[in-house]
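Below is one structure; the comments refer to it alone.
The values are calculated or read from the model by the stated rules, or taken from the named source; none is laboratory data. None of these values were measured; they are calculated from a predicted model. When we count neighbours, we look across all protein chains shown, and the Cβ atoms used for this are built from the backbone with ideal geometry, even at glycine.
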Amino acid sequence: MNKLIKFLNLALILILVIGCESKFEYTPAVKIIFDNVDDDNIVEVPKGVTSYTAKITLVGTTKIRSMSIYEADVKTGAKGNKIANDTIFMPPVDTYSFEYLIDGLITNKVIMIEVEDEDLEIYSKKLLVKVSVNVYESIQVSIESSEAYYGPYYASWLRGRAYLSYQAEKYIDEIDFSFGNIVITGTDTIAAFVSPDKRKELNLPYIDGLKSCKFGTTSMTRAQFEAILPTDSSPILSLASPTQETLKAEAGKVFLFETDTKKGLVFIGAILAKKATLQQQDGTWVNNQTYHQLRLFTKTVLK
């Protein structure tokens, strides 16, 4: 047994030694260097700035034959269309420095520098230029008038979140507005936006400590909503402050909401009527209850 243990230990040591010897640092024959960027080759331009001049240096231990510039996908980094004429070096060079203007910065942009050396090897590196965002846009978020699944509380942070009550207790400061089935006029129960601090008064399930929110209608179309740029908050801030603590929700329309720290727009893509066994504020459950689900997008500005 002792001999077997010694043999296994020796084998393990040999594996580790071989593994260590196989590691090496790769140094490319051509380096592409972006000036004044972070370690991830990302630079952020100040608010209101719509152009950035990239300063780029190519350094080769082999001769550099040509250089190209492409656009790249912001999310995936995939190579896109060529956006500048090729630079051909005749004769090939050891180093080359140049500037490239990236303009029209209303959203983030990525460029990719591609270099070919005298051995016909290709080297590339990407630069991400980030704009300073004023308008924070959500993904599609589902919010419900019940505690069935998504929950009745909406927060615009982290690209939009819907919270059940037990979750919302952790994020009271982030909750912007809520949703519920209530009576506004007459006797009909409708799906409506509800100021979070009014839920108890309206006999809706509630949690303590939530802030106030006001709502209003707009004449804005979906196309106008989608056209609002992440760098331009004026279409939202210029709207008159809303005044209603509850407001009927309607599909296909753009609504305005405002808290003490935020002002934003809500586009409702769909309203779906559903039935489920729902828990009440006192902890009891009621069968076959109707509730509604909104599918919405928001664009929000910090005041």
> Out of (1) touching a Ser or Thr at 6+ places or on another chain (Cβ under 8 Å); (2) outside any loop (DSSP other than H, G, I, E, B), what's the single condition that is false for LEU127?
Replying inline: (1)
> Across the range 282-302, which residue is surrounded by the fewest Cβ atoms within 10 Å (Cβ to Cβ) among those that are under 30 Å from TYR136 (Cβ atoms) and among the aromatic types (Phe, Trp, Tyr)?
Replying inline: PHE297
> Which one is farthest from TYR150 (Cα to Cα) among residues in the range 164-188 that are in contact with a Ser or Thr (Cβ under 8 Å, 6 or more places away or on another chain) and touching a residue at least 40 places away in the same chain (Cβ under 8 Å)?
Replying inline: ILE184
>> without any contact (Cβ under 8 Å) to a residue 60 or more places away in the chain and more than 22 Å from the chain's Cα centre (by Cα): which single residue out of ASP117, ASP86 fits that description?
In response: ASP86
> Picking from LYS55, LYS6, LYS63, which residue would you name as being modelled with pLDDT of 95 or more and surrounded by fewer than 15 Cβ atoms within 10 Å (Cβ to Cβ)?
Replying inline: LYS55
>> Condition (residue is at pLDDT 95 or above, loosely packed, with under 14 Cβ neighbours inside 10 Å and closer than 22 Å to GLU174 by Cα) applied to the range 241-253: is it met by at least one residue?
In response: yes
> For the subset of the range 23-42 comprising residues that are in a loop (DSSP other than H, G, I, E, B) and either among the aliphatic types (A, V, I, L, M) or in contact with a Pro (Cβ under 9 Å, 6 or more places away or on another chain) (or both), which member is nearest to SER233 (Cα to Cα)?
Replying inline: VAL37
>> For the range 43-70, give me each residue that is assigned to a strand (DSSP E or B) and under 12 Å from LEU128 (Cβ atoms).
In response: VAL43, GLU44, TYR52, ALA54
>> Restricting to the range 228-251, count the residues that are in contact with a Lys or Arg (Cβ under 8 Å, 6 or more places away or on another chain) and outside any loop (DSSP other than H, G, I, E, B).
In response: 4
>> I'd like the residue in the range 158-213 that is assigned to a loop (DSSP other than H, G, I, E, B) and touching a Cys at 6+ places or on another chain (Cβ under 7 Å) and, out of all such residues, is surrounded by the most Cβ atoms within 10 Å (Cβ to Cβ).
In response: ASP176
